[in-house]
Structure formats: C-alpha cells, structure tokens
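The values are calculated or read from the model by the stated rules, or taken from the named source; none is laboratory data. What you are looking at is a predicted structure, and each value in this text was computed from that prediction instead of being measured. Ideal geometry is used to build each Cβ from the backbone, glycine not excepted, and the neighbour counts take in all protein chains shown.
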Amino acid sequence: MKKRRYFRWQAVTSTISTTMVLILLGVLMMFVLTARQLRDSVREDLTLTIVLSDGTSTLQAHALEDIIAKRRYIRDIDFISSEQALEEQVKTLGIDPTEFLGGNPFSISMELHLKSDYACTDSLRWITKQLSRDKNVVDVIYQKEMIDTLDTNLRNITYILLTITALLCIICLSLINNTVRLSIYSRRWIINTMKLVGARWSFIRRPFMLRSLTIGLIAAVLADAIIYAGIRWMLDFDPTIAKFMPLENVLFTLGSVVIFSFVITQVCTFISVTHFLRMRESELYK
C-alpha cells in the first residue's frame with residue numbers, strides 16, 4: 001500500500017516537474033516567434049521612394065506602378081501624384097511653394113513597401129539598381145543608415161536569442177532526463193527481477209514507456225493550458241499585442257510543446273530503462 005502511494009506521488013511530482021520545464025520551453029518559443037514577428041513588422045514599415053521625372057505623365061506612372069507591383073519583393077505601393085505631394089507640403093509647412101516658384105515643383109512619386117525578407121541592405125542594393133533602369137525614374141530613396149543599423153541590431157538580437165534558446169533547450173533536456181531517470185531508479189529492482197525471470201527487454205520497457213507517455217501527455221496538456229491562459233491574459237491586457245502573436249504562432253507553440261513532451265519523455269525513458277537493464281546486480285547497490 002505504501003509503495004503504491006509512493007509511486008503515485010512520484011508520478012505526480014514527475015508530471016509537475018515536466019510541466020514546469022515544458023512551460024519554460026513554450027514561453028521561450030513564443031518569445032522567439034514574437035521577436036521574429038516584430039522584426040518582420042519593423043522591416044515592412046520601411047519605405048522605398050521612387051521619384052519620377054517631370055515629363056512623366058500620370059498614365060505612364062500608373063503603367064510603371066502596375067509593372068512594379070507584380071515583382072516578388074513588393075508588398076504594396078502608395079501612388080503620390082504631384083498635386084497630392086504639393087497638398088501635403090502645404091499642410092506640413094503652411095507655405096504654398098507655387099506662390100514664389102510659379103508652378104508645382106513636385107513630380108509624381110511612389111512609396112514602395114517591401115516584403116520583410118527583402119527589406120535588408122543586400123536586397124535593397126539590387127532592387128535599387130533594377131528600379132533605376134527605368135527611363136522615367138530619376139531617383140530611388142531610402143534610409144540607408146537606418147536600415148544598416150536595423151540589420152546589425154536584428155542580427156545581434158537573433159544571435160543572442162538563438163544562444164539563449166540553445167542553452168535553455170539543453171537545460172530542459174537535462175531536467176526532464178533527470179526526472180525520468182529518478183522515477184525509473186526507484187524501480188530498478190523490479191527491472192532486475194523481470195530480467196532474471198527471462199523477460200524480454202522490450203516487454204520490460206513497455207510499461208515504463210506507457211507510463212512516461214501518460215505523464216508526458218498530461219504535462220503537455222497542463223503546460224499548454226497555462227501558456228494559452230497567459231497569452232489570453234496578455235491579449236486582454238493589451239489587444240495590440242495580437243499583431244505580434246498571430247494564431248498560427250500560438251498553435252505552433254502549443255503543438256511544439258506536445259511533440260517535444262512526447263519525444264523527450266519517450267527517448268529519456270528508453271535510454272534510462274536500457275541503462276538499468278545493462279547493469280549487473282552488484283551495480284544496483286551503487
């Protein structure tokens with residue numbers, strides 16, 4: 001009776017330990033995905049401005065807009081006519097330049113918003129060259145220094161996050177492995193007895209594998225429930241966060257926790273049971 005209670009309590013503590021590790025892993029994964037979403041959002045807010053020559057007609061400008069819009073790196077285009085540019089200038093400065101210049105000094109322009117994968121220094125170089133080949137394009141403008149700084153900062157942040165992720169994954173693996181190993185250690189004599197009566201290793205492993213599968217699934221469900229509750233609380237606290245936590249990222253995180261729990265508990269159980277199966281009886285006292 002006492003042994004049953006002990007093993008039940010052991011199963012509970014193993015489930016709690018595994019759940020806590022899975023929560024840590026899930027939170028880390030969600031943080032990495034959110035950081036990536038934030039990076040893409042910042043990149044997509046960058047603007048590439050095309051200034052057209054004074055002789056370019058509105059019809060020619062719209063034709064060029066249609067050509068550019070079909071290119072793979074374009075997310076969307078804002079067409080700015082010379083009249084619209086003049087109106088915005090008057091609103092901003094409160095001065096009408098036509099009064100002392102005798103005409104509209106602004107030409108037609110387009111503001112290009114690129115897809116996040118192309119909003120980096122290397123891609124912008126060949127995009128600028130490609131756009132400049134058109135005879136109606138006078139200049140292609142973008143904030144080169146800001147993009148260079150952004151690329152450097154994002155690269156450094158990515159390296160830091162990957163390093164932290166790798167370290168925490170190693171810690172998570174070690175914690176779950178130790179939890180499983182301690183759980184099986186208390187039953188090492190049962191394993192030895194079954195081995196002595198001639199039971200196959202696969203037969204001996206089976207109940208331990210099923211037990212770890214149950215613990216892993218329960219821990220994964222509990223971890224997912226806590227992670228999802230935390231995400232819901234954050235979204236209720238600040239709805240704007242939803243932009244950086246799309247549904248697919250949340251589902252990917254929750255699914256990854258389940259898969260990680262299943263794989264790691266099964267692998268650790270298999271290795272631990274095999275370890276005790278290979279031990280001699282004299283080594284069990286150590």
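In summary, R205 fulfils each of the numbered conditions (1) in contact with a Phe, Trp or Tyr (Cβ under 9 Å, 6 or more places away or on another chain); (2) among the charged types (D, E, K, R); (3) exposed (fewer than 12 other Cβ atoms within 10 Å of the Cβ) with the single exception of condition (3). Residues in segment 172-183: is at least one assigned to a helix (DSSP H, G or I), without any contact (Cβ under 8 Å) to a residue 60 or more places away in the chain and not assigned by TED's automatic domain parsing to the domain that holds A35? The answer is no; no qualifying residue exists.
Taking the criterion of being touching a helix residue (DSSP H, G or I) at 6+ places or on another chain (Cβ under 6 Å) and at pLDDT 90 or above, the residues of segment 220-252 that qualify are A220, L222, A223, D224, I226, I227. If you go through segment 255-270 and pick out every residue that is touching a residue at least 12 places away in the same chain (Cβ under 8 Å) and more than 17 Å from R36 (Cβ to Cβ), you end up with 11. Selection of segment 224-235 for residues being touching a residue at least 24 places away in the same chain (Cβ under 8 Å), over 9 Å from L254 (Cβ atoms) and not β-branched (V, I, T) yields only G230. For I170, the conditions (1) within 25 Å of V21 (Cβ to Cβ); (2) surrounded by 12 or more Cβ atoms within 10 Å (Cβ to Cβ) all hold with the exception of (2).
Table: residues versus (1) assigned to a helix (DSSP H, G or I); (2) at pLDDT 75 or above; (3) at positive phi; (4) of a type in the set (G, A, S).
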residue	(1), (2), (3), (4)
T19	yes, yes, no, no
A35	yes, yes, no, yes
D66	yes, yes, no, no
D78	no, yes, no, no
T92	yes, no, no, no
S107	no, yes, no, yes
D117	yes, yes, no, no
